[in-house]
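Student: For reference, the structure I am asking about is given below.
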Amino acid sequence: MLVITNPQEDVAQISMALYDAAVEMSASPVLMVQGKKGQFDFAEQEVIKAMTADPQVVLSISEDRLGKDRYGLAKGYRGRKRRYDHYFDLLYEERGMRGFWSPGATVDIFSRTVPIDYRQMRSDAARFCRKTSSGVSVRVTAPGGTDMTVGIVGRRFRSDNGDFRRSGRAGNLPSGEVFVSPALGTAEGTIVFDGSIVVNDHDVVIKRPIAVAVSKGRITSITGGREAALLKASVVEGETRARKMGRSGQIDSRLAEQYARNAWSIGELGIGLNRKARIVANMLEDEKVYGTCHFAVGSNYDGDAEAMIHLDGLVKRPTIAIVTKRGREEQVMVDGRLVWD
């Protein structure tokens, strides 16, 4: 088991506890400590090299981010399913690694939101995913003004339910969401973020809602107050960084322009299912809050719309409906409550 962390107090304490627990279970843990990494920073090469030994379990307990993979961005890893720009993703998607990642973890978050009723959460997640299986799109509306439709043909909702017991299973801790990458070019409408949101160097609780207009999967405008300006600046930086890294050879030059354009894409729709989570301006916890959904600006999870950024933002009290081929809407969440509650 490989545990990757930073020297900051909370993540170091959590990582040491996990290390000790692994020893008690007769595992063979290795603990690696690197400096804190941000949205655009690279992981230390020694960390990536340790992953290439293909450990059975990898845990990333970071103050902010694990860090990007320098070789993966420049050259890429060719897998059976797709090209990967980080070895961590190749490990769990194709090589059977188990593990989890906890960006921004604190002892408080772990103690409140990890020991939960997993049977209920897994049941909710499985039921939600089953109901989406026959849909062609998902419509999300909310009291704050959100009215968005995302296509899901050729996609599937994934469940981040904390079950990492089998080979190839990985996700967040705390867990508690179902999520999907919208089919390319299908996201349409308006998102009004009114919970919290990630910007490039921190998370913020939104005081004045952020209105984001979306057409054919891409953002066409971002309006609101200070938080809207921060989000727009973060997207512009994601676009600019991709082009600069392409010119310097840090990203495959053939892909740099795609990364730049995809900074303006909608890469994810997720629905929170963790009933002990609350909005605290830490997206690791915030996006799991039951009664919310979130959209991500930037990179998606299917590997066909990569970007330098992935900025999650919360929408409170959503009503979520699955749209069938005949245009019929079947509600699965109403005003922030699952219909079977």
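The values are calculated or read from the model by the stated rules, or taken from the named source; none is laboratory data. Values in this document were obtained by computation on a predicted structure and should not be read as measured data. Methodologically, a virtual Cβ is constructed for each residue, glycine included, from the backbone with ideal geometry; neighbour enumeration extends over all protein chains shown.
Student: Scan region 137-183 for residues that are of a type in the set (A, V, I, L, M) and crowded, with 18+ Cβ neighbours inside 10 Å and jot them down.
Tutor: Matches in region 137-183: 138, 140, 142, 148, 150, 152, 170, 173, 178, 180, 183.
Student: Just to be sure I understand, how many residues within region 57-88 are under 19 Å from residue 172 (Cα atoms) and in contact with a Gly (Cβ under 8 Å, 6 or more places away or on another chain)?
Tutor: Count: 10.
Student: When the residues of region 13-44 are narrowed to those that are over 24 Å from the mean Cα position of the chain (by Cα) and in a loop (DSSP other than H, G, I, E, B), which ends up surrounded by the most Cβ atoms within 10 Å (Cβ to Cβ)?
Tutor: So the residue we want is 29.
Student: Which residues, counting only those in region 225-251, are crowded, with 20+ Cβ neighbours inside 10 Å and outside any helix (DSSP H, G or I)?
Tutor: Within region 225-251, just 251 meets the criteria.
Student: Do we have any residue at all in region 280-289 that's touching a Leu at 6+ places or on another chain (Cβ under 8 Å), crowded, with 24+ Cβ neighbours inside 10 Å and at positive phi?
Tutor: No, the conditions are met nowhere in region 280-289.
Student: Now for a separate question. With the requirement that a residue be in contact (Cβ under 8 Å) with a residue 24 or more places away in the chain and small (Gly, Ala, Ser), what does region 216-247 give you?
Tutor: 217, 233, 234, 238, 242
Student: Just to be sure before I move on: is residue 206 within 23 Å of residue 303 (Cα to Cα), crowded, with 22+ Cβ neighbours inside 10 Å and not charged (D, E, K, R) in the structure I sent?
Tutor: For residue 206, the condition - within 23 Å of residue 303 (Cα to Cα), crowded, with 22+ Cβ neighbours inside 10 Å and not charged (D, E, K, R) - is not met.
Results for (1) at pLDDT 95 or above; (2) under 23 Å from residue 199 (Cα atoms), shown as yes or no for each residue.
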{"site": "2", "(1), (2)": "yes, no"}
{"site": "43", "(1), (2)": "yes, yes"}
{"site": "51", "(1), (2)": "yes, no"}
{"site": "59", "(1), (2)": "yes, no"}
{"site": "63", "(1), (2)": "yes, yes"}
{"site": "70", "(1), (2)": "yes, yes"}
{"site": "75", "(1), (2)": "no, no"}
{"site": "78", "(1), (2)": "no, no"}
{"site": "90", "(1), (2)": "yes, no"}
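Student: Additional query: Go through (1) assigned to a loop (DSSP other than H, G, I, E, B); (2) farther than 30 Å from residue 112 by Cβ for residue 220 and report which single condition fails.
Tutor: (1)
Student: Would you point out which residue out of 130, 112 is in the same structural domain as residue 281 (by TED's automatic domain parsing) and among the basic types (Lys, Arg)?
Tutor: Answer to the check: 130.
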